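Notes follow once the structure below has been shown.
The values are calculated or read from the model by the stated rules, or taken from the named source; none is laboratory data. Treat the numbers as computed from the prediction; the structure is a model and nothing was measured. A quick note on method: Cβ atoms are made from the backbone with ideal geometry, for glycine too, and the neighbour counts reach across all protein chains shown. Please note that ligands, DNA and RNA were not included when accessible areas were found on the heavy atoms of the full protein model with its side chains. Shrake-Rupley method; radii C 1.70, N 1.55, O 1.52, S 1.80 Å.
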Amino acid sequence: SYNVPPEGGLSRGCYQRSILGMWTATENPEFVFKSHFAQFQEKWTKKFGWPLFLPLRDDDQHLLATLRIPLNDEQAEFDGQVLALAKLIIDSLNEAEITKLLANKIENEKGISKFERFLKLNGVKAEPIVVFMRNLYGLRHGVGHRKGDSYEKAAKFFGVDKQPLKDVFVEILIMATELLQILDRRFIGTKDK
């Protein structure tokens with residue numbers, strides 16, 4: 001009486017691995033992001049001698065380990081995952097190293113703005129990257145503070161009111177992975193497979 005029949009079918013990857021006994025890469029956005037993030041960090045550090053995203057402290061290691069598609073459509077679950085992702089790719093920007101490469105210092109310049117100048121200096125079309133990062137930060141700001149105008153603007157950008165929060169976060173993970181791929185192609189020279 002407690003058994004619940006499964007809904008849906010097997011994913012293509014699951015079918016290939018479980019039924020056909022084939023090796024196949026995951027298509028799950030959370031695993032794809034984690035894999036790209038780790039590879040990107042390693043390649044960037046190897047090429048430039050410093051990480052673009054500061055390594056997590058021991059007491060923050062859980063952020064990457066527990067990053068996942070929200071288990072439900074609860075706001076608290078969504079907020080927790082947004083916070084973790086923002087800490088990984090925004091709060092962890094290596095501002096000290098980025099600042100060393102900028103010609104001049106701008107008083108009270110924040111991390112994303114420094115990164116924008118760094119991207120432009122290196123001939124990267126910064127706008128799509130910066131728009132994504134600022135909107136992710138707007139969602140993140142709504143986690144630690146009362147949700148206000150910046151959260152509402154970011155929520156509209158990501159379509160929070162148009163689809164379930166789980167789906168919104170999947171889209172955010174895909175965008176974050178694309179950000180890493182753009183940086184990889186431009187700075188490291190890795191071609192997409």
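The apolar share of the surface of the chain, taken as the fraction of accessible area on carbon and sulfur atoms (1.4 Å probe, ligands and nucleic acids excluded), comes to 53 percent. Answer with one residue from 139, 88, 52: the one whose Cα lies farthest towards the positive end of the charge dipole of the chain, charges on Cβ with Lys, Arg +1 and Asp, Glu -1. It is 52, whose Cα lies furthest towards the positive end. Ligands, DNA and RNA are left out, and with a 1.4 angstrom probe the accessible area of the stretch 58-176 is 54 Å² per residue.
Between helix 127-144 and the chain there is an angle of about 70 degrees, using the helix long axis and the longest principal axis of the Cα atoms.
Think of it as helices only: each DSSP H run of n ≥ 4 in the chain is worth -39500 (n - 2.57), and spread over all residues that comes to -17000 deg cm²/dmol at 222 nm. In terms of Cα atoms, the Rg and Dmax of the chain work out to 18.5, 69 Å. Checking the cross-link pairs 46/100; 47/110; 87/110; 120/147; 34/125; 110/153 against a 22 Å limit on the alpha carbon distance flags 47/110; 120/147; 34/125 as lying beyond it.
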